[in-house]
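Asker: For reference, the structure I am asking about is given below.
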Amino acid sequence: MRVSTLGFQTDASNQMQSLEAEITQTQTELSTGIALQNAADNPAAMAQVTQLNAQISASKQYQTNGSGLNANLQIEEQSLSDATTTMQSARDLAVEANNASLTSSQRQDIATQLQQLLQQLVSTANSTDSNGNYVFSGETSTTQPFSQSGPQVSYNGSTSVSQVQISPNQRISSGDSGASVFMNIPAGNGTFTTSVANGNTGTATIDTGTVTDAAQWVPDTYTITFTDPTDYTVTDSEGDTVTSGTYTTPGTIAFNGISTTITGTPAAGDSFTVAPAGTASAFSTISNLITTLNNPNLTSAQISAQIGTTLEQMDAAVGNFSNVSASVGARINSITAASTTATATQTAMTGTVTNLQDVDYAAATTKLSSQELALQAAQESYASIAKMSLFNYLQ
């Protein structure tokens with residue numbers, strides 16, 4: 001087979017260029033520390049690396065979501081603690097006001113202190129995060145949730161809250177709506193409320209009552225009317241008699257699975273109301289107490305009965321704050337657990353990516369030496385052969 005000079009030079013040049021390209025590739029790997037430079041190097045490995053990097057990026061975003069959410073939940077947790085402190089201070093004042101020896105002026109002084117606590121509670125309910133977003137506005141975080149007009153406090157936020165993704169399979173609430181925290185709190189004992197009629201002239205008062213058999217309770221508005229200081233009749237909203245009996249102070253009146261105790265001496269015609277509980281707001285609880293203490297026309301029995309109801313509702317409000325706070329704490333723990341899991345997962349995936357794309361320096365260095373020797377040999381061979389001529393064999 002005859003090899004032309006041009007063909008020899010072309011083959012030799014292509015061989016040396018290929019060796020130089022391989023050396024350049026190896027040198028790039030050694031300088032960057034990355035063996036997998038592009039998909040052509042190893043299509044299957046590159047596809048796996050791309051997928052793993054996407055998963056790592058998503059995992060880090062979940063951690064970022066959780067970090068921001070954690071900061072907001074901690075603000076909410078502190079706000080709930082502040083609200084609890086305020087409500088407990090108001091409760092202490094309610095207990096102080098439940099003293100028949102106090103004068104109207106003294107009760108009004110307590111009402112003034114309660115007014116300050118009411119404003120303080122509204123301020124806490126309008127807490128904001130570091131971005132100026134309202135903590136208890138639900139999804140409408142830029143809207144101030146609570147506004148006050150005189151004794152009335154209204155909720156202007158959303159009743160729903162946003163959900164935040166903190167892991168591939170976990171979303172948690174970003175907060176709690178002001179409606180669920182401050183507004184919709186079960187009134188009375190949670191099943192029914194009791195009250196003293198404004199026109200009563202006796203000294204009898206009524207407690208908040210208890211449920212003795214929930215299955216027998218029929219939600220309705222019942223009236224306990226005394227025909228004289230010792231005899232009473234219980235009627236429903238239709239005026240039908242439910243029960244009747246004789247009263248001796250303190251006396252327990254029971255019907256339809258509930259019981260309530262009346263203490264004191266009722267006058268003929270005095271009445272008391274037992275009604276389904278419904279809900280009350282933390283604000284109206286304080287506001288109603290302020291109204292009661294500022295009313296000089298109420299009897300001690302009426303004031304005592306209303307304060308008793310107020311104390312029950314304050315306890316319910318504090319209990320609700322506590323329940324929400326426990327939920328917030330559980331969410332913070334979930335974020336911490338999800339972040340810990342994400343960090344471990346990222347470490348494992350990063351290790352896999354490293355194994356797939358990083359350079360084995362020992363192997364690459366050996367390969368580079370071999371490639372350089374091969375190039376050197378090719379160059380020397382080419383130079384030697386290129387010098388050969390037919391005249392070298394003529395004498």
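Values in this text are rule-based calculations from the coordinates and carry no lab data. These figures come from a predicted structure and were not determined experimentally. With ideal geometry, Cβ positions are generated from the backbone for all residues, glycine too; neighbour counts draw on all protein chains shown.
Asker: Ser130 versus Trp217, label points 7 Å from Cα toward the beta carbon: distance in nm?
Answerer: Taking the simple label geometry, Ser130 and Trp217 are separated by 4.5 nm.
Asker: Also: If each residue of separation counts as 0.36 nm, what is the full-extension length gain between Gln74 and Thr291 once their alpha-carbon separation is subtracted? All intermediate terms of the calculation are to be shown ahead of the outcome.
Answerer: On the way: separation 217, 0.36 × 217 = 78.12 nm, distance 3.48 nm.
This chain segment gains 74.6 nm when fully extended.
Asker: Further, regarding this structure: May I ask you to compute the full-extension gain from Ala47 to Asn198, defined as 0.36 nm times their residue separation minus their alpha-carbon distance, rounded to one decimal in nm? It would help to have the intermediate numbers written out before the result.
Answerer: Working: separation 151, 0.36 × 151 = 54.36 nm, distance 7.99 nm.
The Ala47-Asn198 span can extend by a further 46.4 nm.
Asker: How much net charge surrounds Glu77 when only other residues with a Cβ under 15 Å from its Cβ are counted (Lys, Arg +1; Asp, Glu -1)?
Answerer: Values: positive: Arg331; negative: Glu76, Asp82, Asp129, Asp176.
Net charge in that neighbourhood comes out at -3.
Asker: Applying a 10 Å radius around every beta-carbon, put 288-299, 245-256 in order of their mean neighbour count, most first.
Answerer: Numbers: 288-299: 17.8, 245-256: 15.2.
The packing order, highest mean first, is 288-299, 245-256.
Asker: A further question on this structure: Based on other C-beta atoms within 10 Å, arrange Arg107, Arg171 from fewest to most.
Answerer: Values: Arg107 20, Arg171 12.
Least to most surrounded, the residues fall as Arg171, Arg107.
Asker: Under a crude label model (7 Å from the Cα following the beta-carbon direction), how far is Val95 from Asp236 in nanometres?
Answerer: 4.0
Asker: Efficiency by 1/(1 + (r/R0)^6): what FRET value for Thr10 and Lys60, r their Cβ-Cβ distance, R0 = 41 Å, to the nearest 0.05?
Answerer: On the way: r = 52 Å, r/R0 = 1.28.
Computed FRET efficiency for Thr10 and Lys60 comes out at 0.20.
Asker: If you don't mind, another one. How far apart, in nm, are the 7 Å Cα→Cβ label points at Ala337 and Thr354?
Answerer: That separation, rounded to one decimal, is 2.9 nm.
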